[in-house]
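Asks: Can you keep this structure in mind? I'll have questions shortly.
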There are 2 protein chains.
Amino acid sequence: MADAFLTGVEAIVGAAHVITDEADMAPFLADWRGRYSGRARAVVLPRDTAQVAALVRACIDAGVPIVPQGGRTGLVMGSVPDTSGHAIVLSLRRLNRIRAIDPANRTMTVEAGCILADIQAAAHTAGMLYPLSLAAEGSCTVGGNLSTNAGGTAVLRYGNTRELCLGLEVVTAQGAVWDGLHGLRKDNTGYALRYLFIGAEGTLGVITAAVLKLYPAPQGMLTAMVALDSPRQALTLLNLLQARCGAALTGFELMSALCLDLVATWFPALPQPFAARHPHYALVELSSTESDLHAQALLESSVGAALEQGVARDAVVATSSQQALDLWRLREHIPLAQAAAGKNIKHDISLPISTIPDFIAHTDAALERAFPGCQLVTFGHLGDGNLHYNVAPPPGVGHDAFLANQDAVNRIVHDAVVAFAGSISAEHGIGAMKRAELARTKSPVELGMMRAIKAALDPLGIMNPGKIL
Amino acid sequence: MADAFLTGVEAIVGAAHVITDEADMAPFLADWRGRYSGRARAVVLPRDTAQVAALVRACIDAGVPIVPQGGRTGLVMGSVPDTSGHAIVLSLRRLNRIRAIDPANRTMTVEAGCILADIQAAAHTAGMLYPLSLAAEGSCTVGGNLSTNAGGTAVLRYGNTRELCLGLEVVTAQGAVWDGLHGLRKDNTGYALRYLFIGAEGTLGVITAAVLKLYPAPQGMLTAMVALDSPRQALTLLNLLQARCGAALTGFELMSALCLDLVATWFPALPQPFAARHPHYALVELSSTESDLHAQALLESSVGAALEQGVARDAVVATSSQQALDLWRLREHIPLAQAAAGKNIKHDISLPISTIPDFIAHTDAALERAFPGCQLVTFGHLGDGNLHYNVAPPPGVGHDAFLANQDAVNRIVHDAVVAFAGSISAEHGIGAMKRAELARTKSPVELGMMRAIKAALDPLGIMNPGKIL
């Protein structure tokens, strides 16, 4: 079938990099959690920024929407097209060069399609640290990290992806290239465009490259698991550790007893740190640029102080890197154990850290009233106020049957989030999935400004339509 | 003289808070450095956010532009009106309440007119640190800090003001109130509006309140002055200290011999740390959340390593808080000594840190060729790549006569900045002063996006016209 548009696209990237076969396109159209598949006119894989710009101009001319795509590990259906079949998927995965490493500026310039784990490794080879760390790091891309302002386990110390980026190269919705690849710590020459493209989920333009911040590599890292009475005790422990350890505290993850029960059930080979069962646990990580000994002394004295002050029930400090890994594995296997147990209703929320004990008590009770016996699998990055607050069916109720309550459960949880001045999406973004909840919970003034910016930068509405707004 | 607009304004804020007398208005219309005075229809001092919103709506109805103003310590004529006399000055200084301090969330909610030093003191009283620190802290306001994305001496560790803010309250250019006063570390629910208003210099709306990040108060701080051969050696020292001290390194200021000579001439009472004269100096500050002893041991071992490795000529570690203060005073008195010596041509620039030695060599030489004998008074926040690169006349040439070369000097310096991928305004902003240089040096693609955003959020163009764009 002759198609002038696709012929033009092939002329830009080469026919080998335009996929139109349904079966070959399928992996690019599927949601990561398998909830959904979209349709597309083609999947196009450009090789460089000039090709991306030419593609955007071709799409403008033909009125074809563009869905930018990275490693496809997003959790809110932000990088898959709708079912109309009108859009092209623009996969950035062939833009995967590390363009430069500048140790004296503590920066690295990378293309959007670079895999996060490859960037971490390149930083490590240069004796530095790129601190972004998250479960999908083996396949997610820096372009996706930036477009979703990815969070992960080190935000407490290093910030979100937005704070880890000093410069961007972007193909605008007009098909122009904006070279904003600065590696500057201070730059007050106008509006914060970089910050705007970061987290915009591809709705304002296509990020093609970035300058990332690097940090000195830690000389010592130490991990401990602390047993706790309650989320309130976890908060007290967090404050104690912040005050004593400052920037050395690089991880603070909360998990409930039920989380470790699930891991014990589905991954019985993983060693459990305590003989007794405790209501809650905190996984604590310290990093030191000085030495292993410094990290160890600091962690032991701080955890010791916590036990003395009655801010912890018990504690296990890892004495080998294998033990540290085992403790982190418990945390990382919670979502896997959940998946093995059956589907549940997930929430990626954040709250003012000080309100988390009250939020959990309030929302657990509200859910118990509405769905007696439902099970809360609560864990997350307490140091950032970010909870993965997941609701599983009461014992004896089927997982699929319980999923029918998804909208009602979401409403209870998100209404509580709004009441506690929190966020309905802490680190995953909005995508197509939370668009209706965003419209329901965000202030009209803020939504109005977001729409005005979208119309200003993408007046034709061709960039990732149906996402966020 | 009857004036329906001013009558309406008086009805909003009370007649006592509307200044129209020329003499009474004068201090609100004058540039901080005394280069310029604007004119205004009135200076209006609202008391709260609702009054600000009502004022904006009254200005929309009457077509009157608004110049938001804080502590009037800006250096680029960003908060003073033009000479047309059409605008009102909207002073935020009566919005000066600290609304809340939440130690467990490590946040403070403050109004735009709060003085920075008062916020620092309130944080200190709560056992925390608000790390923003700059010369004007006794009179600048948080609204001005936010609107100019102020930098200062602690950016190396804590970031610019943009990184120190978690939430904003803004009166939009439509006179609506956006309540974005969240205290969240992670929030991925749409476009980064907060980041956009921060640094917009009042051209997109009026910031009325903010949630600021607090940090654990350091338990120990130590300061040293290190004598150096060259900017290149300073860079090597910076990297050595970053690697060994990590986040404990909270200050790294570079200054040339000429800077300390000027201070010695004009402030002979200030003690000078070295008997010998050295080509360059670095002021180094370490902070520890652990103890004074920890900071001291770390600084002494790190500076010792630098001396051993030949990365420093000499070093003085302050052994008392008075000595530390004396070292900082030398740094702080550089601009005062410059002012006493006579007017010079100032630049607030930033560069990739790794390029600074080459930039200085290149630009010093270019200026020497154009203005033989001119004197470079170079100092600044090397840890952030931010130089105050000031050009004084050759010996024997009058300061006022030399100022006639300002445009030519600016062009040489800014062209070099662009060639080295730097910024022509690191921390002061654009205001009215650097508007033409911005238009000359910024990419048309970026300027186009900035104009589109301005038109989208302030379609009537009433917010601080003639600034930035």
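The values are calculated or read from the model by the stated rules, or taken from the named source; none is laboratory data. The model shown is predicted, which means the values in this text are computed figures rather than measured ones. Backbone-built Cβ (ideal geometry, glycine too); neighbour counts: all protein chains shown. We work out accessible area using only protein heavy atoms, side chains counted, and drop any ligands, DNA or RNA first. Shrake-Rupley method; radii C 1.70, N 1.55, O 1.52, S 1.80 Å.
Asks: Considering only the stretch B:162-182, state which residues are among the small types (Gly, Ala, Ser) and either open to solvent by 10 Å² or more (accessible area, probe 1.4 Å) or assigned to a helix (DSSP H, G or I) (or both).
Replies: Our first condition is that a residue be among the small types (Gly, Ala, Ser); within the stretch B:162-182, this holds for B:167, B:173, B:175-176, B:180.
Answer for the stretch B:162-182, where residues must be among the small types (Gly, Ala, Ser) and either open to solvent by 10 Å² or more (accessible area, probe 1.4 Å) or assigned to a helix (DSSP H, G or I) (or both): just B:176.
Asks: Does residue A:391 fit the bill of being open to solvent by less than 10 Å² (accessible area, probe 1.4 Å) and at pLDDT 95 or above?
Replies: Working: open to solvent by less than 10 Å² (accessible area, probe 1.4 Å): yes; at pLDDT 95 or above: yes.
Criteria met by residue A:391.
Asks: Still on this structure, please answer the following. If you scan the stretch A:160-209, which residues turn out to be of a type outside the set (A, V, I, L, M, F, W, C), more than 21 Å from residue A:90 (Cβ to Cβ) and within 23 Å of the chain's Cα centre (by Cα)? Even if it seems obvious, please write down each step before you answer.
Replies: Taking the stretch A:160-209 and keeping what is of a type outside the set (A, V, I, L, M, F, W, C), we get A:160-163, A:167, A:169, A:172, A:174-175, A:179-180, A:182-183, A:185-191, A:194-195, A:199, A:201-203, A:205, A:208.
When the remaining residues are screened for being more than 21 Å from residue A:90 (Cβ to Cβ), the result is A:160, A:162-163, A:167, A:182-183, A:185-191, A:195.
Answer for the stretch A:160-209, where residues must be of a type outside the set (A, V, I, L, M, F, W, C), more than 21 Å from residue A:90 (Cβ to Cβ) and within 23 Å of the chain's Cα centre (by Cα): A:160, A:162, A:163, A:167, A:195.
Asks: Is it the case that some residue within the stretch A:190-213 is of a type in the set (S, T, N, Q), surrounded by fewer than 24 Cβ atoms within 10 Å (Cβ to Cβ) and outside any strand (DSSP E or B)? Explain how you work it out, then say what you get.
Replies: First pass over the stretch A:190-213, keeping only residues of a type in the set (S, T, N, Q): A:203, A:208.
Retained after the next criterion (residues that are surrounded by fewer than 24 Cβ atoms within 10 Å (Cβ to Cβ)): none.
No, the stretch A:190-213 contains no residue that is of a type in the set (S, T, N, Q), surrounded by fewer than 24 Cβ atoms within 10 Å (Cβ to Cβ) and outside any strand (DSSP E or B).
Asks: Right, something else. So, in the stretch B:393-423, exactly how many residues are out of contact with any Cys (no Cβ under 7 Å at 6 or more places or on another chain) and free of Cβ contacts under 8 Å to residues at least 60 places away in the same chain?
Replies: We begin by selecting, within the stretch B:393-423, every residue out of contact with any Cys (no Cβ under 7 Å at 6 or more places or on another chain); these are B:395-423.
Within this subset, residues satisfying the condition of being free of Cβ contacts under 8 Å to residues at least 60 places away in the same chain are B:395-402, B:404, B:407-408, B:411-412, B:415-416, B:418-419.
The total comes to 17.
Asks: Identify, from the list B:81, B:27, the residue that is of a type outside the set (A, V, I, L, M) and in a loop (DSSP other than H, G, I, E, B). Spell out how you get there, then give the answer.
Replies: Numbers: B:27 fails: in a loop (DSSP other than H, G, I, E, B).
Testing whether each residue is of a type outside the set (A, V, I, L, M) and in a loop (DSSP other than H, G, I, E, B) leaves just B:81.
Asks: In addition: Taking the stretch A:34-81, which residues are among the acidic types (Asp, Glu) and under 15 Å from residue A:174 (Cβ atoms)? Reasoning before the result, please.
Replies: The first filter runs over the stretch A:34-81 and keeps only residues among the acidic types (Asp, Glu), leaving A:48, A:61.
Across the stretch A:34-81, the qualifying residue is only A:61.
Here's the yes/no breakdown for (1) in contact with a helix residue (DSSP H, G or I) (Cβ under 6 Å, 6 or more places away or on another chain); (2) open to solvent by 10 Å² or more (accessible area, probe 1.4 Å):
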{"site": "B:63", "(1), (2)": "no, yes"}
{"site": "B:90", "(1), (2)": "no, no"}
{"site": "B:100", "(1), (2)": "no, yes"}
{"site": "B:112", "(1), (2)": "yes, no"}
{"site": "B:117", "(1), (2)": "no, yes"}
{"site": "B:122", "(1), (2)": "no, yes"}
{"site": "B:152", "(1), (2)": "no, no"}
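Asks: Collect the residues in the stretch A:444-469 that are surrounded by fewer than 16 Cβ atoms within 10 Å (Cβ to Cβ), outside any helix (DSSP H, G or I) and at the interface with chain B (Cβ under 9 Å from one of its Cβ atoms), keeping them in residue-number order.
Replies: A:459
Residues checked against (1) without any contact (Cβ under 8 Å) to a residue 12 or more places away in the chain; (2) open to solvent by 50 Å² or more (accessible area, probe 1.4 Å); (3) touching a Cys at 6+ places or on another chain (Cβ under 7 Å); (4) more than 14 Å from chain B (Cβ to nearest Cβ):
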site	(1), (2), (3), (4)
A:284	no, no, no, yes
A:311	no, no, no, no
A:319	yes, yes, no, yes
A:323	no, yes, no, yes
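Asks: In the stretch A:411-437, which residue that is more than 9 Å from chain B (Cβ to nearest Cβ) and of a type in the set (Lys, Arg) is surrounded by the fewest Cβ atoms within 10 Å (Cβ to Cβ)?
Replies: A:411
Asks: I'd like to check something: does the stretch A:341-349 contain any residue that is away from every other protein chain (no Cβ under 14 Å), under 30 Å from residue A:70 (Cα atoms), under 24 Å from the mean Cα position of the chain (by Cα) and in a helix (DSSP H, G or I)? Steps first, answer last, please.
Replies: Residues of the stretch A:341-349 away from every other protein chain (no Cβ under 14 Å): A:341-346.
Filter again for under 30 Å from residue A:70 (Cα atoms), leaving A:341-346.
Next, from what is left, pick out any that are under 24 Å from the mean Cα position of the chain (by Cα): A:341-346.
Remaining after also requiring in a helix (DSSP H, G or I): A:341.
Yes: the stretch A:341-349 contains one or more residues that are away from every other protein chain (no Cβ under 14 Å), under 30 Å from residue A:70 (Cα atoms), under 24 Å from the mean Cα position of the chain (by Cα) and in a helix (DSSP H, G or I).
Asks: Name the one entry in B:200, B:248 that is modelled with pLDDT of 95 or more and more than 30 Å from residue B:56 (Cα to Cα).
Replies: Values: B:200 fails: more than 30 Å from residue B:56 (Cα to Cα).
Going through B:200, B:248 in turn, just one is modelled with pLDDT of 95 or more and more than 30 Å from residue B:56 (Cα to Cα): B:248.
Asks: Tell me, please, whether a residue that is within 13 Å of another protein chain (Cβ to nearest Cβ) and aromatic (Phe, Trp, Tyr) can be found in the stretch B:246-256. Before the answer, list the steps.
Replies: Initial filter on the stretch B:246-256 (within 13 Å of another protein chain (Cβ to nearest Cβ)): B:246-250, B:252.
Then drop every residue that is not aromatic (Phe, Trp, Tyr), which leaves B:252.
Yes; the residues of the stretch B:246-256 include at least one that is within 13 Å of another protein chain (Cβ to nearest Cβ) and aromatic (Phe, Trp, Tyr).
Asks: Run residue A:9 past the list (1) farther than 23 Å from residue A:432 by Cβ; (2) within 31 Å of the chain's Cα centre (by Cα); (3) crowded, with 21+ Cβ neighbours inside 10 Å; (4) not basic (Lys, Arg) and report the number of the one that doesn't hold.
Replies: Status for residue A:9: all satisfied but (2).
Asks: Take residue A:336 and decide whether it is modelled with pLDDT of 95 or more and outside any loop (DSSP other than H, G, I, E, B). Give the derivation first.
Replies: On the way: modelled with pLDDT of 95 or more: no; outside any loop (DSSP other than H, G, I, E, B): yes.
Judged against the criteria, residue A:336 is not a match.
Asks: May I pose another question? If you take the residues in the stretch A:229-272 that are in a helix (DSSP H, G or I) and in contact with a Phe, Trp or Tyr (Cβ under 6 Å, 6 or more places away or on another chain), which one is surrounded by the fewest Cβ atoms within 10 Å (Cβ to Cβ)?
Replies: Within the stretch A:229-272, the subset in a helix (DSSP H, G or I) is A:231-248, A:257-266.
Going one step further and asking which of them are in contact with a Phe, Trp or Tyr (Cβ under 6 Å, 6 or more places away or on another chain), we end up with A:238, A:259.
Details: A:238: 23, A:259: 26.
Only one residue fits best here, namely A:238.
Asks: Of the conditions (1) outside any loop (DSSP other than H, G, I, E, B); (2) out of contact with any strand residue (DSSP E or B) (no Cβ under 9 Å at 6 or more places or on another chain); (3) in contact (Cβ under 8 Å) with a residue 24 or more places away in the chain, residue A:365 clears all except one; give me its number.
Replies: (3)
Asks: Among the listed residues B:88, B:66, B:19, B:115, identify the single one that is over 19 Å from the mean Cα position of the chain (by Cα), free of Cβ contacts under 8 Å to residues at least 60 places away in the same chain and more than 14 Å from chain A (Cβ to nearest Cβ). Even if it seems obvious, please write down each step before you answer.
Replies: Working: B:88 fails: free of Cβ contacts under 8 Å to residues at least 60 places away in the same chain; B:66 fails: free of Cβ contacts under 8 Å to residues at least 60 places away in the same chain; B:115 fails: over 19 Å from the mean Cα position of the chain (by Cα).
Only one candidate qualifies: B:19.
Asks: Continuing with the same structure: Restricting the search to the stretch B:125-139, which residues are surrounded by fewer than 19 Cβ atoms within 10 Å (Cβ to Cβ) and within 14 Å of another protein chain (Cβ to nearest Cβ)?
Replies: Initially, the stretch B:125-139 is screened for residues surrounded by fewer than 19 Cβ atoms within 10 Å (Cβ to Cβ), giving B:125-127, B:134-135, B:138-139.
Hits for the stretch B:125-139 are B:126, B:127, B:134.
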